[in-house]
Amino acid sequence: MLFPQIDPVALSLGPLQVHWYGLMYLFGFVGAWLLGRLRAERNGWTVTEVEDLLFYGAIGVIVGGRLGYVLFYDLAANLAQPLNIIKVWQGGMSFHGGLLGVLTAFWWFAKKTNRSFFAVSDFIAPLVPVGLFFGRIGNFINSELWGKVSDVPWAVVFPNGGPLARHPSQLYEAALEGLVLFILLWLYSAKAKPVGAISGLFLFAYGSFRF
């Protein structure tokens with residue numbers, strides 16, 4: 001099947017262009033904020049603490065994700081055009097860099113609030129799949145991170161993926177890392193668990209789904 005003709009620009013206001021990729025990050029953070037407020041009520045957190053943690057996490061994701069992409073995926077091109085490094089709205093984020101950025105933000109927040117690192121990661125883990133879901137939808141709209149060549153009926157001919165149909169791996173990941181992982185973690189975290197248990201389940205399930 002052909003790639004749906006989705007304009008990467010969701011909204012144009014004069015010279016200002018709002019891209020779907022950027023909106024996906026916004027949707028992810030708003031979703032995490034709403035769910036974080038629900039978790040705060042049953043985990044002894046304040047709404048202000050949730051908002052502070054999400055703010056630090058957002059900075060970690062954006063800075064770490066972009067730097068990771070620049071260093072690991074397209075260093076030569078970005079060194080040739082340094083201004084491209086700050087053009088996050090055009091896509092190009094590394095999960096590995098984003099993860100390192102988020103872990104740094106968690107460590108800083110834990111230190112600031114006198115909590116253990118795993119107490120913080122246990123709180124936030126069930127919220128992460130929301131961001132993963134919207135992020136993968138953004139990857140699909142941007143026609144990036146497609147899968148291997150395939151002849152399955154739902155394989156997609158991506159605009160920048162050559163003439164052959166490929167697995168829409170972004171949608172697979174949105175379903176598994178987003179929807180399925182969220183349901184699993186949200187149900188598991190409904191009752192108190194030993195410190196680190198929720199984080200451990202997240203790492204195990206996420207790694208399995210990504211593999």
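The values are calculated or read from the model by the stated rules, or taken from the named source; none is laboratory data. Predicted, not measured: the structure shown is a model, and the values here were computed from it. Methodologically, a virtual Cβ is constructed for each residue, glycine included, from the backbone with ideal geometry; neighbour enumeration extends over all protein chains shown. To get the accessible areas, we keep the full protein, side chains included, count just its heavy atoms, and leave off ligands, DNA and RNA. Shrake-Rupley method; radii C 1.70, N 1.55, O 1.52, S 1.80 Å.
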Among S12, S169, S199, which one moves the most in a GNM of the chain with springs linking Cα atoms closer than 10 Å?
-> S12
Projected label distance in nm at T104 and N43, using a 7 Å step from Cα toward the beta-carbon | 2.3
The answer for the range 116-162, accessible area per residue at 1.4 Å probe in Å², is 42
Counting only C-alpha contacts under 8 Å and six or more residues apart, can you give the relative contact order of the chain as a whole percent?
-> 22
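Which FRET efficiency value, to the nearest 0.05, is calculated for Q17 and I62 with the Förster distance at 22 angstrom and r the Cβ-Cβ distance? Walk me through the intermediate numbers first.
Working: r = 18 Å, r/R0 = 0.83.
About 0.75, to the nearest 0.05.
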Would you be so kind as to identify all helices of the chain, as entire DSSP H runs, whose Cα atoms reach 24 Å or more along the helix's own axis and whose mean Kyte-Doolittle hydropathy is at least 0.0?
-> 20-43, 47-72, 95-113
What residue among V152, V120, V128 shows peak mean-square fluctuation when the chain is described by a Gaussian network model with Cα springs under 10 Å?
-> V152
Please identify, among L23, L11, L181, the residue showing maximal mean-square fluctuation in a Gaussian network model of the chain using a 10 angstrom Cα cutoff.
-> L11
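Roughly to the nearest percent, how much of the accessible area of the range 118-211 is carbon and sulfur, given a 1.4 Å probe?
Working: 3540 of 4680 Å².
After summing per-atom areas, the C and S share lands at 76 percent.
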At V157 and L179, where each label point lies 7 Å from the Cα along Cα→Cβ, what is the point-to-point distance in nanometres?
-> 2.7
